[in-house]
Amino acid sequence: MRLLHSPVSRQHRDIPLFLTSSDAKEHRTVRGLRYGSSFLEGFMEWTGVSTREIPRPRSLFLAPPDTPQPEAERMRLLRPDDPSANIQSH
């Protein structure tokens, strides 16, 4: 079986992000839009890395959602849905 993911579909860009750990004591849902450009900064915060340009990286999970970017939102909403994969036919 081969699964393909379309780069032009909405699901290609709307990807859920989750954090898991062995010492988690609760389940929390954090809703909020994150653009790919903020992922690097969030990864830096998670791994404890900083630079002169980004001395205090923002957390992907605790920081407020990214400010909507009108052009990116317009393009995201114009993308078609990815059709469901029929895994029974393979």
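The values are calculated or read from the model by the stated rules, or taken from the named source; none is laboratory data. All values reported here derive from a predicted model rather than from experimental measurement. Note that we place each Cβ from the backbone using ideal geometry, even for glycine, and neighbour counts take in every protein chain shown.
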**Message:** For the range 80-90, check the following and say yes or no: at least one residue is at pLDDT 75 or above, loosely packed, with under 10 Cβ neighbours inside 10 Å and β-branched (Val, Ile, Thr).
**Reply:** no
**Request:** Enumerate the pairs (first residue in the range 66-78 and within 17 Å of residue 38 (Cβ to Cβ); second residue anywhere and charged (D, E, K, R) and outside any helix (DSSP H, G or I)) with beta-carbon separation below 9 Å, excluding pairs fewer than 6 apart on the same chain, so at least 6 apart or on different chains.
**Result:** 66/34; 76/14
**Request:** Within the range 45-79, work out how many residues are within 24 Å of residue 18 (Cβ to Cβ), assigned to a helix (DSSP H, G or I) and at pLDDT 80 or above.
**Result:** 3
**Fill in**
Scanning the range 47-62 for residues that are free of Cβ contacts under 8 Å to residues at least 24 places away in the same chain and touching a Ser or Thr at 6+ places or on another chain (Cβ under 9 Å), the one nearest to residue 76 (Cα to Cα) turns out to be 58
**Asked** Limited to the range 60-72, what total is found for residues that are of a type outside the set (Asp, Glu) and loosely packed, with under 13 Cβ neighbours inside 10 Å?
**Response** 6
